[in-house]
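Asks: Before I ask anything, here is the structure I am working with.
The values are calculated or read from the model by the stated rules, or taken from the named source; none is laboratory data. Model, not experiment: these values are computed from the prediction. Note that we place each Cβ from the backbone using ideal geometry, even for glycine, and neighbour counts take in every protein chain shown.
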Amino acid sequence: MNVVQYFSPGTIVKYQACHHIADGMEDPSRFILDRVFWSFKPCIDGFAYFKPIIQVEETFLTEKYTETLLIASSQDGNKRVFPVAFAIVEGETKEAWEGFFYNLKTYVTPQPNLCIILDRRTDLLVALRNELTGWSSDQSVYYIRHLASNFNKEFRDSDLKDKVVQMSYELMRPQFERMLNFLRQKHPRTGAWLDQIPKQKWNQAYDEGRHFGEMTTNLVECINGVLKGSRTLPITTLVREIYYRLNEWFIQHRDEATNMIRTLNIYYEELTKVIKENQRQSICQLVRTFSREIGVSEVDVVSRSGGRQAMIYTIKLADSWCDYGEFQSLRLTCSHVIAICASLALDYGQFISLIYQLDNIVKAYGCHFQLIGNEEY
């Protein structure tokens, strides 16, 4: 760790240790290493250009070392995992999580308005709510998979569990409320159980875009898969392996984004297709403008089933709001927003988050990992 900090200044490493106890007495000259937290400098600098979300999860070391590896990750504009910080601790204890959250907030992610996504385990929630960690409960939301699992343990009904998952992804508030009321009427106990959890903690329509469309633990699970073969290694070798693999990721993603910019692309291919499809749908939509200054309009969308009834959506550009929900949840321009921009002669690109742009991704991966070098030096 000292070598990494020497060759890559700005890398954060924090230890927690206790005195060795022999025959019931503390030996002040000897220490037991309990925990180590670290974040590499390129990860700290790059996080400023990624989605303002953090996912936390744990994975277990195997073979000789039986400690637990804690991982905090985010996501880039192409939905790829971006590891932010790591820690090796004695286990999934409240004290270990408190130390992890404190170091993460204090030294790596001090930015305001971050959203931390986690499950509803008691030890995690208690640790996060400790004032000393620096996180507020308003910053946390829940993994839907864990919430649905808890729901299923309570009611033992997989069909109802699937409905809860479906509700969590619903982007329109009226539709979500209809689904929730239906559940309350048919299964009062399930409705009462869900009512105990604030809607903004688990539903996209109410979370004001804090999930950024991410409702699962896929990011951390992706890292677990990559490190699967490394978890049997000695701890120093594990750290070195993580360092080298992250360097490969940074080079690969940086070169990929740079090459796409050279071919005059603004976004990755998948997102470009989504935007073009939204453009195509916007052509047939009728716009009624109520305030040109702040971009308040209504959009009529003809039913795709061929019916005469049209759906009407309200859009407020100044508030980044569309009744459909996709605009504020994903920070992307849906077809309704594009239709209004065309009507007002505005560039709809200004309403797409910078996080998705290729030049922003180049900046995120722009901080280089440094050579560690021969041990003799």
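Asks: Considering only the range 119-135, I want to know if a residue exists there that is farther than 22 Å from Arg210 by Cβ, in contact (Cβ under 8 Å) with a residue 40 or more places away in the chain and surrounded by 14 or more Cβ atoms within 10 Å (Cβ to Cβ).
Replies: Within the range 119-135 (the criterion being farther than 22 Å from Arg210 by Cβ, in contact (Cβ under 8 Å) with a residue 40 or more places away in the chain and surrounded by 14 or more Cβ atoms within 10 Å (Cβ to Cβ)), the answer is no, since none of the residues qualifies.
Asks: Conditions first: (1) loosely packed, with under 15 Cβ neighbours inside 10 Å; (2) within 16 Å of Leu125 (Cβ to Cβ); (3) of a type outside the set (A, V, I, L, M, F, W, C). Ser140 passes all but one, so which condition is the exception?
Replies: Just one mismatch for Ser140, condition (1).
Asks: Let me ask something else. Among (1) within 15 Å of the chain's Cα centre (by Cα); (2) within 24 Å of Leu132 (Cβ to Cβ), where does His19 come up short?
Replies: Just one mismatch for His19, condition (1).
Asks: Please tell me if Ile71 is assigned to a strand (DSSP E or B), without any contact (Cβ under 8 Å) to a residue 24 or more places away in the chain and either outside the structural domain of Thr133 (by TED's automatic domain parsing) or of a type in the set (Val, Ile, Thr) (or both). Lay out the reasoning, then the answer.
Replies: Details: assigned to a strand (DSSP E or B): yes; without any contact (Cβ under 8 Å) to a residue 24 or more places away in the chain: no; either outside the structural domain of Thr133 (by TED's automatic domain parsing) or of a type in the set (Val, Ile, Thr) (or both): yes.
When the stated conditions are applied, Ile71 does not pass them.
Asks: If you take just the helices (runs of 4 or more DSSP H) that sit entirely in the range 133-187, which of them hold at least 3 residues that are at positive phi and at pLDDT 85 or above? Step through it out loud before you land on a result.
Replies: On the way: elements: 144-155, 158-169, 173-186.
Qualifying helices (runs of 4 or more DSSP H): none found.
Asks: Kindly indicate whether any position in the range 92-99 is assigned to a helix (DSSP H, G or I), touching a strand residue (DSSP E or B) at 6+ places or on another chain (Cβ under 6 Å), in the same structural domain as Ser149 (by TED's automatic domain parsing) and under 30 Å from Tyr267 (Cβ atoms).
Replies: no
Asks: Does the range 154-165 contain at least one residue that is under 21 Å from the mean Cα position of the chain (by Cα) and of a type in the set (Phe, Trp, Tyr)?
Replies: Step one: filter the range 154-165 for residues under 21 Å from the mean Cα position of the chain (by Cα), giving 164-165.
Still in the list and also of a type in the set (Phe, Trp, Tyr): none.
Checked against the condition, which is being under 21 Å from the mean Cα position of the chain (by Cα) and of a type in the set (Phe, Trp, Tyr), the range 154-165 yields no hits at all.
Asks: Filter the range 8-67 down to residues that are touching a helix residue (DSSP H, G or I) at 6+ places or on another chain (Cβ under 9 Å), assigned to a strand (DSSP E or B) and modelled with pLDDT of 90 or more and give me whichever is farthest from Tyr243 (Cα to Cα).
Replies: Arg35
Asks: I'm checking my understanding of the structure. Among residues of the range 100-118 that are assigned to a loop (DSSP other than H, G, I, E, B) and in contact (Cβ under 8 Å) with a residue 40 or more places away in the chain, which one is farthest from Cys18 (Cα to Cα)? If you could, list the steps in order and put the result at the bottom.
Replies: So in the range 100-118, the residues assigned to a loop (DSSP other than H, G, I, E, B) come out as 109-114.
From what's left, in contact (Cβ under 8 Å) with a residue 40 or more places away in the chain: 109, 111, 113-114.
On the way: Thr109: 27, Gln111: 31, Asn113: 35, Leu114: 32 Å.
The qualifying residue farthest from Cys18 (Cα to Cα) is Asn113.
Asks: While we're looking at this one, here's another question. What tally of residues in the range 202-218 results from selecting those that are modelled with pLDDT of 85 or more and surrounded by fewer than 20 Cβ atoms within 10 Å (Cβ to Cβ)?
Replies: Residues in the range 202-218 being modelled with pLDDT of 85 or more and surrounded by fewer than 20 Cβ atoms within 10 Å (Cβ to Cβ): 1 in total.
Asks: Which residues, taken from the range 331-362, are part of a helix (DSSP H, G or I) and within 11 Å of Gly77 (Cβ to Cβ)? Quick ask: steps written out before the conclusion?
Replies: Here is the first cut: in the range 331-362, the ones part of a helix (DSSP H, G or I) are 335-343, 348-351, 354-356, 358-362.
Those that are part of a helix (DSSP H, G or I) and within 11 Å of Gly77 (Cβ to Cβ): Leu354, Ile355, Tyr356, Leu358, Asp359, Asn360, Ile361, Val362.
Asks: Now, a different point. Tell me yes or no: at least one residue of the range 274-281 is out of contact with any Gly (no Cβ under 9 Å at 6 or more places or on another chain), part of a loop (DSSP other than H, G, I, E, B) and farther than 28 Å from Phe50 by Cα.
Replies: no
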